[in-house]
Amino acid sequence: MIRVVLADDEDLIRGALAALLDLEPDISVLAQVGDGRAAVRAVAEHRPDVAVFDLEMPELDGVQAATEVRRVAELPIVLVTRHARPGVLRRALAAGVRGFVPKTTPATRLAAILRDVHGGGRYVDPEIAASALTEGACPLTSRELELLRHTLRGGTIAAIADEVHLAQGTVRNYLSAAMAKLSVSTRHEAARRAWEEGWI
């Protein structure tokens, strides 16, 4: 029996996926949780054979949760996501994730992937892998990425300026340059795009 901990912040999707996986004769869902911190706790408490994490969750995203789990337990982790950007794939693989699948994957296919990673294999969705091989380089400077990282955490211009020891006007200039390069209209959109691409 392959014992699974499942983490997804969308209750309906999480419940449906758990129900479908439980229909498999050799898979048992031990726990379902709705955020990244709870996912880490559930793995520590239940000691599953495999963990399945949504990429986008509150508290910790799937990659961050995987990183935390891998510090204390050796088990295969599979990420499921709606936004399968190649840069995020690279972050996930660096964090030790063994499977990376879109949320459009049928439950029976996901069950087969769980069996494979449980047996020591690795699975990356072919379209995501192909995109990762052809993706262009990041157009942002290291300073722009640093400021977008602070923006993603919810920092105000004043707080960011204080933290990185720059004038507020200088912070605005860097963020404006990043927004222009990414063709977005707000710093929050720029930070989101940089996160989705796996640059921050």
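The values are calculated or read from the model by the stated rules, or taken from the named source; none is laboratory data. Since this is a predicted model, take the numbers as computed values, not measurements. Glycine also receives a Cβ, built like all others from the backbone with ideal geometry; neighbour counts cover every protein chain displayed. Remember, those area values only see protein heavy atoms, side chains included, never the ligands or the DNA or RNA. Shrake-Rupley method; radii C 1.70, N 1.55, O 1.52, S 1.80 Å.
Just checking the listed ones, Arg47, Arg115, Arg153: in the Gaussian network model of the chain with Cα springs under 10 Å, the one fluctuating most is Arg153. Rolling a 1.4 Å probe over the protein heavy atoms gives the chain an accessible area of 48 Å² per residue.
Computed about its Cα centre, the charge dipole of the chain is approximately 480 debye, with only Lys, Arg, Asp and Glu carrying charge at their Cβ.
Heavy-atom accessible surface of Ile13, to the nearest 10 Å², is about 60 Å², with a 1.4 Å probe and all protein chains retained. Here the stretch 119-176 and the stretch 24-99 have alpha carbon centers that stand 22 Å from each other. Take every pair of alpha-carbon atoms less than 8 Å apart whose residues are at least six positions apart; their mean separation over the length of the chain yields a relative contact order of 17 percent.
Relative to the longest principal axis of the Cα atoms of the chain, the long axis of helix 62-72 lies at roughly 70 degrees. Once you compute Rg and the Kirkwood Rh from C-alpha atoms, what is the Rg to Rh ratio for the chain? Using Cα coordinates only, the ratio equals 1.03.
Note on Leu21: accessible area is roughly 0 Å² with a 1.4 Å probe, heavy atoms of protein only. Computed from Cα atoms, the angle from the helix 187-196 axis to the main principal axis of the chain rounds to 40 degrees. Karplus-derived 3J(HN,Hα) values for the stretch 159-165, using 6.51 cos²θ - 1.76 cosθ + 1.60 with θ = phi - 60°, are 5, 5, 4, 5, 5, 9, 6 Hz; glycine and proline are entered as x. Highest mean packing comes first when the peptides 59-67, 122-130 are listed by Cβ atoms within 10 Å, giving 59-67, 122-130. For Glu144, Glu24, Glu68, the ranking by accessible surface with the largest value first comes to Glu68, Glu24, Glu144, using a 1.4 Å probe. Applying 0.36 nm per residue to the separation of Thr170 and Arg47 and subtracting their alpha-carbon distance, the gain on full extension is 39.5 nm. Annotation: Cα Rg of the stretch 85-174 relative to the compact-globule expectation 2.2 N^0.38 Å equals 1.55.
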